Amino acid sequence: MESLRQITNDQGWRNEAQRILLEVSLDSNFISEFHTHWTEEGHHIRTQIKDDKLLVNLLRKVLPQYDGGTLILFRGENLDRWNSDRVGLCWTSQIAIAEMFGGGLNAIGSGGVLLQASFNPSSIISGPSGHSSYLGEEEFTIDPFKAECILALERYPPSS
């Protein structure tokens with residue numbers, strides 16, 4: 001896990017993503033550690049990669065594959081990102097968690113928005129990590145390019 005933290009601290013995720021995508025196979029310990037790290041630092045990884053298509057390819061390779069059915073999920077999104085069609089990849093089955101992020105951490109700038117969407121299995125990259133479940137977040141990683149009919153349920157004022 002320490003090496004993953006070091007990559008994040010060194011702002012090295014774009015190069016690391018390209019390197020990982022060239023690997024033939026990945027160690028199961030790495031997959032588990034990355035899943036936890038994604039739960040904790042996914043926003044930094046996304047910012048450093050600066051290419052959501054590259055990020056989705058990476059996540060499809062390194063996260064455990066989702067094997068369930070269609071789900072209704074929620075996200076507390078930043079209003080500026082929502083307005084620029086750049087929704088995040090981490091969604092939850094828990095509306096209260098999405099409300100917390102939409103009205104708090106993600107409400108910087110113009111404010112936040114509570115989103116809801118139905119995701120079919122091919123649009124869900126991975127289910128919650130053990131760490132995400134421990135936190136009560138039940139965070140699913142989705143492919144934002146396959147998201148359909150996202151509804152904005154509520155808007156939140158900017159957080160300070």
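Would you check if residue 91 is touching an Asp or Glu at 6+ places or on another chain (Cβ under 8 Å), surrounded by 15 or more Cβ atoms within 10 Å (Cβ to Cβ) and of a type in the set (Phe, Trp, Tyr)? It is true that residue 91 is touching an Asp or Glu at 6+ places or on another chain (Cβ under 8 Å), surrounded by 15 or more Cβ atoms within 10 Å (Cβ to Cβ) and of a type in the set (Phe, Trp, Tyr). Restricting the first member to the range 45-60 and to residues that are on the phi > 0 side of the Ramachandran plot, and the second to residues that are part of a helix (DSSP H, G or I), the beta-carbon pairs closer than 7 Å and six or more apart or on different chains are 50/14. Being over 18 Å from residue 132 (Cα atoms) and aliphatic (A, V, I, L, M) holds for only one residue in 89, 58, and it is 58. Restricting 132, 159, 122, 126 to those that are modelled with pLDDT of 95 or more, under 22 Å from residue 41 (Cβ atoms) and among the hydroxyl-bearing types (Ser, Thr, Tyr) reduces the list to 126. Within the range 143-160, the set of residues being over 23 Å from residue 70 (Cβ atoms) and either small (Gly, Ala, Ser) or in a loop (DSSP other than H, G, I, E, B) (or both) comprises 157, 158, 159, 160.
Given the condition farther than 25 Å from residue 134 by Cβ and touching a Phe, Trp or Tyr at 6+ places or on another chain (Cβ under 7 Å), answer yes or no: does some residue in the range 68-79 qualify? There is at least one residue in the range 68-79 that is farther than 25 Å from residue 134 by Cβ and touching a Phe, Trp or Tyr at 6+ places or on another chain (Cβ under 7 Å).
Residues in the range 8-18 that are without any contact (Cβ under 8 Å) to a residue 12 or more places away in the chain and farther than 16 Å from residue 52 by Cα: 9, 10. Checking each residue in the range 102-160 for being among the polar types (S, T, N, Q) and over 21 Å from residue 84 (Cα atoms) picks out 120, 122, 126, 129, 132, 133, 160. Identification of strands (runs of 3 or more DSSP E) wholly contained in the range 91-142 with 3 or more residues that are touching a residue at least 40 places away in the same chain (Cβ under 8 Å) and within 30 Å of residue 29 (Cα to Cα) yields 124-126, 139-142. Could you tell me whether residue 48 is part of a helix (DSSP H, G or I) and either among the hydroxyl-bearing types (Ser, Thr, Tyr) or surrounded by 18 or more Cβ atoms within 10 Å (Cβ to Cβ) (or both)? Criteria met by residue 48. Among the residues of the range 64-86, count how many are part of a loop (DSSP other than H, G, I, E, B) and either surrounded by fewer than 18 Cβ atoms within 10 Å (Cβ to Cβ) or at pLDDT below 95 (or both). Residues meeting the conditions: 9.
The values are calculated or read from the model by the stated rules, or taken from the named source; none is laboratory data. Since we're looking at a predicted model, the values are computed, not measured. Please note: Cβ atoms are built from the backbone with ideal geometry, for glycine as well, and neighbour counts cover all protein chains shown.
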